[in-house]
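To start, the structure itself, in structure tokens.
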Amino acid sequence: MSDTPSTLSLASTPPRLALRGIRKSYPTVVANDGIDLIVQPGEIHAVLGENGAGKSTLMKIIYGVIKPDAGSVLWEGRHARIASPAEARKLGIGMVFQHFALFDTLTVVENILIALDDDMPSAALARRISEVSTRYGLPIDPKRLVHSMSVGERQRVEIVRCLLQEPKLLIMDEPTSVLTPQAVQTLFQTLRRLASEGCSILYISHKLDEIRALCDTATVLRAGKVTGTADPRRETSDSLARMMIGSELATCRLEARQPGAVRLGVEALTLSTLDPFGTALHDITLEVRAGEILGIAGVSGNGQKELLAALSGESTSDDAGAIVIDGAPAGTLNPAQRRRLGLAFVPEERLGRGAVPPMSLAENALLTGSAKGMVHKGLVRSRVARGFAQAVIERFKVKCGGPAAAAQSLSGGNLQKYIVGRETLLEPKLMIVAQPTWGVDVGASLLIHQALIDLRNRGVALLVVSEELDELFEISDRIAVLAQGRLSPSRRPAETSIEEIGRWMSGDFPALATAHERETARA
Amino acid sequence: MSARLRVLELERRARPSAVMRIASPLLAAAAMLATGFVVFLLLGKDPAEAFYVFFIKPVANRYGVGELLLKATPLALCALGLAVGFRANVWNIGAEGQLTMGAIAGSGVALYLGPTEAAWVLPLMLLAGVLGGMAWAAIPAFLRTRFHTSEILVTLMLVYIAQLFLSYLVHGAWRDPAGYNFPQSRAFTEAETLPLLLEGSRVTIAAVFAVALAAASWFFSQKTFAGFRMQVAGLAPAAAAYAGFSEKRNIWLALLLSGATAGLAGISEVAGPIGQLQPTVSPGYGFAAIIVAFVGRLHPLGIILASLLMSLLYLGGESAQMQMSLPSAVTGLFQGVLLFYLLAADLFINFSLRRGPRRATDDEDDAYTPEDESETEIGGVPVSAPTLAPGKLT
């Protein structure tokens with residue numbers, strides 16, 4: 001560990017954390033297979049690997065959530081038996097999970113109170129939360145109920161919850177996926193400050209640029225084993241990718257193309273929300289043409305959920321003309337009726353929304369594909385559904401046990417490939433995709449991006465809502481930003497920059513002409 | 001470091017166990033019998049004799065078998081309808097009330113149009129029974145789809161209204177003038193009664209309805225798109241909304257179907273073994289049918305088998321009451337215990353037991369053990385890590 005900053009790790013100090021030969025197996029997979037890992041005090045240590053490489057399992061072992069089958073854990077040079085998260089916290093280990101561990105029906109303060117190991121009056125705690133959250137640039141309202149918060153806001157709660165306990169080792173599991181570029185920079189400053197105060201950080205990610213910008217050391221995992229340890233600042237993204245996925249990182253190319261007719265028109269869509277913490281949509285106007293991809297950037301909780309529900313038909317508007325699909329007014333239509341107009345939709349939540357977890361892939365084909373000959377006079381034709389599922393599996397290289405496999409048995413990336421594939425084979429005229437690659441590994445991301453681009457090249461209109469700016473810059477013909485329920489003007493990726501889009505994400509963008517102004521201009 | 005315990009842990013199975021799905025009701029039945037053994041001992045009865053009286057004697061002859069089918073019929077009819085709703089997350093627990101309304105509506109036809117020996121009266125009574133049950137179930141369906149009221153509460157409360165309404169009728173307007181002031185309607189004529197299935201027993205052709213309905217229910221849930229939509233609504237409501245399946249349609253369908261079968265069960269009872277309208281037309285078939293539906297895994301074939309088991313519990317309870325002077329509560333006890341064990345045994349569909357891993361650090365003398373929390377470790381938390389992770393709740 002000679003790469004560790006010498007000012008922080010004196011030769012006599014034992015490492016903050018050392019793992020030896022950690023092994024954990026599940027009925028179907030060996031998640032960790034003889035893993036060694038050493039973290040020095042004040043070190044920002046990346047654990048890099050694709051989804052399913054065993055990163056999360058390893059972190060849960062350190063945090064006492066999962067017990068290893070074999071191997072030992074040394075904490076500051078002493079053998080430690082971490083049997084529960086409470087013991088981990090007592091040692092000084094904090095963890096921000098990728099999937100948040102918050103109770104929906106409680107407020108921020110109540111959630112944090114539950115996790116605290118000592119009692120504290122809630123008023124005092126609320127003050128502490130406000131203090132810590134402003135100090136680290138993670139604004140949250142302590143009195144808000146968690147169910148009304150976006151993914152991004154929930155993560156802030158998780159981070160603040162850990163910071164309140166002044167940890168010696170902070171585990172961050174994929175923390176930046178829900179932050180604006182500026183917020184990522186703020187988070188990095190926070191983490192660097194924490195590190196300089198002596199706190200070690202285990203930073204789990206598959207984003208190579210971030211790791212190269214932030215981390216002192218990187219341990220790379222592949223299929224449950226350590227494939228290398230490196231100083232990420234001296235590596236290139238390609239060399240790290242080789243360690244991580246065993247091959248070069250490929251990217252998609254977007255050939256210039258003349259867009260065709262308008263397939264989706266949204267005209268001055270204003271929707272109030274019944275949810276007191278939801279985001280109302282104000283005067284959203286956009287159009288997506290055949291053969292183009294419109295990317296919608298923005299941090300979750302800025303109206304994405306509401307916009308997607310309004311477009312998919314899960315919430316309807318009183319004004320039929322506010323949403324026009326392929327020339328037909330659709331504002332008042334339900335999701336099934338909009339699908340008949342040629343809409344396909346890939347939702348953000350795969351399990352439970354995009355797919356029914358315990359049902360087979362064939363049955364999940366039937367979920368949205370009933371118009372593709374799978375239903376005849378009210379009766380299900382299972383053979384057609386199986387054939388359709390088989391076609392999706394083959395064309396999109398879905399790793400699974402065949403059309404009879406339950407949706408919940410697939411990994412996140414494979415399920416997403418299946419859902420994208422299913423919606424693609426429905427031959428839509430317009431496809432709306434939310435967070436296409438959230439939590440999906442590099443290989444699957446590439447395949448999904450290529451599938452979206454192929455659809456565009458075949459003349460489908462696509463609207464992609466994503467929090468990953470890199471992704472939007474890679475696949476979009478135009479990018480717009482949704483912030484506080486308002487939509488920015490759109491820009492071609494070549495005509496804008498990550499910085500400009502990042503600034504827009506905080507709501508600072510030139511106003512679109514209002515509906516009234518457009519009408520007067522037309523007259 | 002002597003406490004080197006290897007505690008049993010629950011581990012989530014890679015996939016739900018198909019074997020346990022079927023074995024679980026059998027395990028539950030076995031555990032119920034074991035509990036019964038202890039209960040009989042505590043009551044000072046010879047368990048062997050009690051078991052014989054409870055489970056064997058009632059069905060030892062042809063008449064007994066007939067009684068078994070007789071009591072299983074309304075249970076199966078109600079449970080088959082309820083299962084359709086339960087699969088779709090629609091919780092009709094008021095089949096007892098719909099059964100009662102079915103009995104009232106069907107009897108009303110006979111009482112107002114008869115007495116007659118005409119053949120048309122019976123189909124009309126059955127139809128009215130079905131419609132009566134449906135109408136009673138339409139109330140919670142309307143309230144739920146229109147005002148988001150809980151169908152659990154509304155269906156339950158309507159049970160008592162239906163029973164009081166029945167009581168009002170048999171004590172008043174519909175009382176048999178020639179019935180010596182007993183609170184009951186006139187007896188139905190032969191044409192107003194369901195034909196017998198087995199000579200020398202009381203089983204009517206309603207048992208055939210139950211079997212036919214089981215087949216229809218299997219077909220509905222396995223082969224029709226409407227059945228599929230209801231299944232999706234039950235398993236993943238968000239996915240149903242995403243696919244554009246109407247929630248209201250599912251709620252209406254589920255409640256009307258279960259109301260219809262409960263109504264059919266009701267009229268089949270009064271136009272069958274009872275033969276007239278009485279203040280009580282069911283010993284709680286509508287409630288016991290909830291247990292039948294779950295013990296039968298919400299599957300038509302399972303429901304048929306479970307209804308036979310539940311029917312046996314009714315018969316056994318009566319037999320034990322008469323011959324061993326055991327309290328009638330024994331029947332309810334067996335029913336409750338059966339459901340209780342079933343829910344417990346169902347845990348093993350998704351989880352398996354395994355010996356906890358030996359701690360690598362147990363052998364080390366300098367093992368770090370935070371003092372005050374070590375007992376949770378030695379006690380062995382009997383819940384696996386995946387269920388503990390509160391991430392599930394968000």
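The values are calculated or read from the model by the stated rules, or taken from the named source; none is laboratory data. For clarity, every value in this text was computed on a predicted model and none was experimentally measured. Heads up, the Cβs are rebuilt from the backbone with ideal geometry, glycines too, and the neighbour counts pull from every protein chain shown.
In region A:328-364, how many are part of a loop (DSSP other than H, G, I, E, B) and in contact (Cβ under 8 Å) with a residue 12 or more places away in the chain?
To start, the set of residues in region A:328-364 that are part of a loop (DSSP other than H, G, I, E, B) comprises A:330-334, A:341-342, A:347-350, A:352-354, A:356-359.
Retained after the next criterion (residues that are in contact (Cβ under 8 Å) with a residue 12 or more places away in the chain): A:330-334, A:341-342, A:347-348, A:350, A:354, A:356-359.
So the count comes out to 15.
Of the numbered conditions (1) surrounded by 17 or more Cβ atoms within 10 Å (Cβ to Cβ); (2) out of contact with any Gly (no Cβ under 7 Å at 6 or more places or on another chain), B:Arg146 fails exactly one; give the number of that condition.
(1)
Do we have A:Lys372 as touching a residue at least 12 places away in the same chain (Cβ under 8 Å), away from every other protein chain (no Cβ under 12 Å) and not in a helix (DSSP H, G or I) here? Outline the logic, then answer.
On the way: touching a residue at least 12 places away in the same chain (Cβ under 8 Å): yes; away from every other protein chain (no Cβ under 12 Å): yes; not in a helix (DSSP H, G or I): no.
No: the conditions fail for A:Lys372.
Is it the case that region A:197-210 has a residue that's over 27 Å from A:Arg23 (Cβ atoms) and either touching a Lys or Arg at 6+ places or on another chain (Cβ under 8 Å) or β-branched (Val, Ile, Thr) (or both)? Before you say what the answer is, go through the steps one by one.
The initial filter retains those residues of region A:197-210 that are over 27 Å from A:Arg23 (Cβ atoms), namely A:197-199, A:207-210.
Narrowing the set further to residues that are either touching a Lys or Arg at 6+ places or on another chain (Cβ under 8 Å) or β-branched (Val, Ile, Thr) (or both) leaves A:198-199.
Taking every residue of region A:197-210 in turn, at least one turns out to be over 27 Å from A:Arg23 (Cβ atoms) and either touching a Lys or Arg at 6+ places or on another chain (Cβ under 8 Å) or β-branched (Val, Ile, Thr) (or both).
Looking at region A:276-324 only, could you name the residues that are in a strand (DSSP E or B) and among the charged types (D, E, K, R)? Walk me through it before giving the result.
Filtering region A:276-324 down to residues in a strand (DSSP E or B) leaves A:281-289, A:293-297, A:323-324.
Matches in region A:276-324: A:Asp283, A:Glu287, A:Arg289.
Which residue out of A:Gly342, A:Gly331 is surrounded by fewer than 24 Cβ atoms within 10 Å (Cβ to Cβ), on the phi > 0 side of the Ramachandran plot and more than 9 Å from every other protein chain (Cβ to nearest Cβ)? Please lay out each step first, then the result.
Values: A:Gly331 fails: on the phi > 0 side of the Ramachandran plot.
Checking each option against the conditions leaves just A:Gly342.
How about region A:120-165: which of its residues are of a type outside the set (A, V, I, L, M), without any contact (Cβ under 8 Å) to a residue 60 or more places away in the chain and not in a helix (DSSP H, G or I)?
A:Pro121, A:Tyr136, A:Gly137, A:Pro139, A:Asp141, A:Pro142, A:Lys143
Limited to region B:224-252, what total is found for residues that are surrounded by fewer than 22 Cβ atoms within 10 Å (Cβ to Cβ), at the interface with chain A (Cβ under 7 Å from one of its Cβ atoms) and within 27 Å of B:Gln98 (Cα to Cα)?
4
Pick from A:Glu517, A:Glu468, A:Glu495: which is acidic (Asp, Glu), more than 19 Å from A:Thr437 (Cβ to Cβ) and at pLDDT below 85?
On the way: A:Glu468 fails: more than 19 Å from A:Thr437 (Cβ to Cβ); A:Glu495 fails: at pLDDT below 85.
It is A:Glu517.
Given the options B:Val109, B:Val53, B:Val65, B:Val38, name the one that is of a type in the set (Val, Ile, Thr) and more than 30 Å from B:Gly275 (Cβ to Cβ).
On the way: B:Val109 fails: more than 30 Å from B:Gly275 (Cβ to Cβ); B:Val53 fails: more than 30 Å from B:Gly275 (Cβ to Cβ); B:Val65 fails: more than 30 Å from B:Gly275 (Cβ to Cβ).
Only one candidate qualifies: B:Val38.
Do you know which residues across region B:186-217 are surrounded by fewer than 16 Cβ atoms within 10 Å (Cβ to Cβ), under 25 Å from the mean Cα position of the chain (by Cα), touching a residue at least 60 places away in the same chain (Cβ under 8 Å) and more than 18 Å from B:Gly66 (Cα to Cα)?
B:Ala215
When you go through (1) closer than 23 Å to A:Ser205 by Cβ; (2) crowded, with 16+ Cβ neighbours inside 10 Å one by one for A:Leu91, which number turns out not to apply?
Of the numbered conditions (1) closer than 23 Å to A:Ser205 by Cβ; (2) crowded, with 16+ Cβ neighbours inside 10 Å, the odd one out for A:Leu91 is (1).
Quick one: in region A:94-107, which of the residues that are within 14 Å of A:Cys162 (Cα to Cα) and more than 8 Å from every other protein chain (Cβ to nearest Cβ) is surrounded by the fewest Cβ atoms within 10 Å (Cβ to Cβ)?
Residues of region A:94-107 that are within 14 Å of A:Cys162 (Cα to Cα), as a first pass: A:94-98, A:100-102.
From the residues that got through so far, the ones that are more than 8 Å from every other protein chain (Cβ to nearest Cβ) too are A:94-96, A:98.
Numbers: A:Gly94: 25, A:Met95: 26, A:Val96: 23, A:Gln98: 19.
Restricting to residues being within 14 Å of A:Cys162 (Cα to Cα) and more than 8 Å from every other protein chain (Cβ to nearest Cβ), the top hit is A:Gln98.
Checking A:Ala53 against (1) touching a Lys or Arg at 6+ places or on another chain (Cβ under 7 Å); (2) surrounded by fewer than 22 Cβ atoms within 10 Å (Cβ to Cβ), which single condition isn't satisfied?
So A:Ala53 meets the others, but not (2).
B:Ala262 - would you say it is crowded, with 22+ Cβ neighbours inside 10 Å, at pLDDT 90 or above and within 14 Å of another protein chain (Cβ to nearest Cβ)?
Working: crowded, with 22+ Cβ neighbours inside 10 Å: yes; at pLDDT 90 or above: yes; within 14 Å of another protein chain (Cβ to nearest Cβ): no.
Criteria not met by B:Ala262.
Scan region A:210-219 residue by residue and report those that are part of a strand (DSSP E or B) and either out of contact with any Leu (no Cβ under 9 Å at 6 or more places or on another chain) or modelled with pLDDT under 90 (or both). I'd like the intermediate steps shown before the answer.
From region A:210-219, those part of a strand (DSSP E or B) are A:217-219; that's our starting set.
Listed by number, the list holds a single entry, A:Thr217.
Check off (1) within 17 Å of the chain's Cα centre (by Cα); (2) closer than 30 Å to A:Arg339 by Cα; (3) within 14 Å of chain A (Cβ to nearest Cβ) for B:Leu255 and give me the number that stays unchecked.
Here B:Leu255 meets the rest and fails (3).
State whether one or more residues within region B:58-75 are in contact with a helix residue (DSSP H, G or I) (Cβ under 7 Å, 6 or more places away or on another chain) and aromatic (Phe, Trp, Tyr).
Taking region B:58-75 and keeping what is in contact with a helix residue (DSSP H, G or I) (Cβ under 7 Å, 6 or more places away or on another chain), we get B:58-59, B:64-65, B:67-75.
Next cut, aromatic (Phe, Trp, Tyr) only: none.
No; the residues of region B:58-75 include none that is in contact with a helix residue (DSSP H, G or I) (Cβ under 7 Å, 6 or more places away or on another chain) and aromatic (Phe, Trp, Tyr).
A:Ala83 fails exactly one of the following numbered conditions: (1) more than 9 Å from chain B (Cβ to nearest Cβ); (2) among the hydrophobic types (A, V, I, L, M, F, W, C); (3) outside any helix (DSSP H, G or I). What is the number of that condition?
Of the numbered conditions (1) more than 9 Å from chain B (Cβ to nearest Cβ); (2) among the hydrophobic types (A, V, I, L, M, F, W, C); (3) outside any helix (DSSP H, G or I), the odd one out for A:Ala83 is (1).
For region A:187-203, which residues satisfy the criterion of being loosely packed, with under 15 Cβ neighbours inside 10 Å and part of a helix (DSSP H, G or I)? Show your work before the answer.
So in region A:187-203, the residues loosely packed, with under 15 Cβ neighbours inside 10 Å come out as A:189, A:192-193, A:196-198.
Within region A:187-203, A:Gln189, A:Arg192, A:Arg193, A:Ser196 qualify.
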